[in-house]
1. Could you work out the local net charge near Ala256, counting Lys and Arg as +1, Asp and Glu as -1, over the other residues with Cβ closer than 15 Å to its Cβ?
2. Take every Cα pair under 8 Å in the stretch 217-310 that's 6+ residues apart, average their separations, divide by the length, and report that relative contact order as a whole percent.
3. Which aspartates and glutamates have a Cα less than 15 Å from the Cα of Lys251, not counting those fewer than 8 places away in the same chain?
4. Please find, in a Gaussian network model of the chain (springs between Cα atoms separated by less than 10 Å), the residue of Arg101, Arg77, Arg172 whose mean-square fluctuation is greatest.
5. Working from the pairwise distances between different alpha carbons, so that the mean of 1/r is found and then inverted, what is the chain's Kirkwood radius in Å?
6. Round to the nearest 0.05 the FRET efficiency obtained for Gln37 and Asn167 when R0 = 41 Å and r is the Cβ-Cβ distance.
7. If I build a Gaussian network model for the chain, linking alpha-carbon pairs within less than 10 angstrom, which residue out of Val221, Val288, Val66 has the largest mean-square fluctuation?
8. Determine, for Val59, Val236, Val49, the number of other Cβ atoms within 10 Å of each Cβ, and report the residues in order from fewest to most.
Amino acid sequence: MSFSGVTKEELARLSEPKTCCDLAELAALVRMDGTLQIEANQQYILNVVTESAPVARKVFRLAKSVLDCQVDIIVRRKMRLRKNNSYFVKIYFLGPADLQRLGLFSRLMQIEFGIAKQLIKYRCDQKAYLRGAFLASGSINNPEGTYHLEIITSDSQHAADLCRLLNKFSLRAKVSQRKNCYVVYIKESEHIVLFLALIGAHHALLEFENVRVLKDVRNQVNRLVNCETANLNKTVVASVRQINNIGLIDKTIGLAALPATLREIAELRLESPDASLKELGEMLDPKVGKSGVNHRLRKIDKLAEKIRNKK
């Protein structure tokens with residue numbers, strides 16, 4: 001099962017002690033995955049479709065407890081592609097007051113776009129609404145790969161309201177359009193962790209953090225190894241160049257012609273081709289710093305270059 005699936009299973013098992021939180025979560029689920037059917041007798045039926053059995057069970061439970069109405073679940077098996085099950089949760093015999101409570105219609109029975117303010121008056125309701133939105137139409141990448149969490153909605157106003165609601169919790173959410181849908185997304189791993197904590201996905205949060213820490217440690221080790229390798233390569237290349245230059249000087253004018261300080265460092269380099277500048281400096285008596293050793297070797301390089309140019 002995907003990381004998203006595991007996270008949603010955990011969230012679907014959560015229960016809230018407050019009715020207002022259950023109402024906010026149900027409202028988000030209905031808004032994202034529901035369609036409204038109007039019967040001839042002006043009775044309303046909500047149809048919520050999902051491919052997740054835990055989510056279907058949660059919609060069923062919330063509708064029974066919050067709306068106190070008849071609810072059925074119909075299971076249908078797809079005959080194409082993955083051939084997995086679809087779950088139709090049918091919520092029967094709703095009145096105008098029920099639709100207003102769910103934030104689908106205003107008091108004047110006009111369609112309510114975006115998130116109805118009465119659903120998210122309190123902080124606990126805001127968290128519950130975000131949990132319902134994620135359960136209905138959210139996904140999160142496996143933390144082994146790139147960090148990405150998104151919630152998809154077909155309504156631009158709803159997307160903007162979701163983004164504002166997320167940013168009330170400083171999650172740096174953004175909105176982008178993808179074909180005919182709007183994607184509210186979070187990219188930074190720290191903010192994804194905060195979102196998981198916010199909606200109550202604590203087991204998923206721990207798993208995400210474990211993977212993230214291991215990934216960060218592995219990346220840090222790789223960076224250190226790459227840095228050490230690069231430094232070692234630079235040291236080897238510089239050492240080979242210095243030894244070649246010292247050999248040229250020895251064959252032409254002889255090392256004895258060099259000043260004492262340069263002759264001393266040249267002989268040390270020949271004796272210790274793998275030594276770093278710092279190590280060479282510590283071999284001298286008196287000891288010389290890294291910059292001092294580098295200065296002497298650069299003088300030798302310049303002298304060798306003059307000898308080559310005279311040939």
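1. Details: positive: Lys251, Arg263; negative: Asp250, Glu264, Glu267.
Here the charged neighbours net out to -1.
2. On the way: 60 pairs, mean separation 27.8, N = 94.
This gives 30 percent for the stretch 217-310.
3. Those aspartates and glutamates meeting the cut-off are Glu267, Asp301, Glu305.
4. Arg77
5. By the Kirkwood definition, the hydrodynamic radius is 24.6 Å.
6. On the way: r = 35 Å, r/R0 = 0.84.
Computed FRET efficiency for Gln37 and Asn167 comes out at 0.75.
7. Taking springs between Cα atoms under 10 Å, the residue moving most is Val288.
8. Numbers: Val59 30, Val236 12, Val49 15.
Listing Val59, Val236, Val49 from fewest to most nearby Cβ atoms yields Val236, Val49, Val59.
Taken together, the values in this text are just the output of simple stated rules run on the coordinates, not laboratory data. A quick note: this is a predicted structure, and the numbers were derived from the prediction, not measured. Here Cβ is always computed from backbone atoms with ideal geometry, including for glycine, and neighbour counts include all displayed protein chains.
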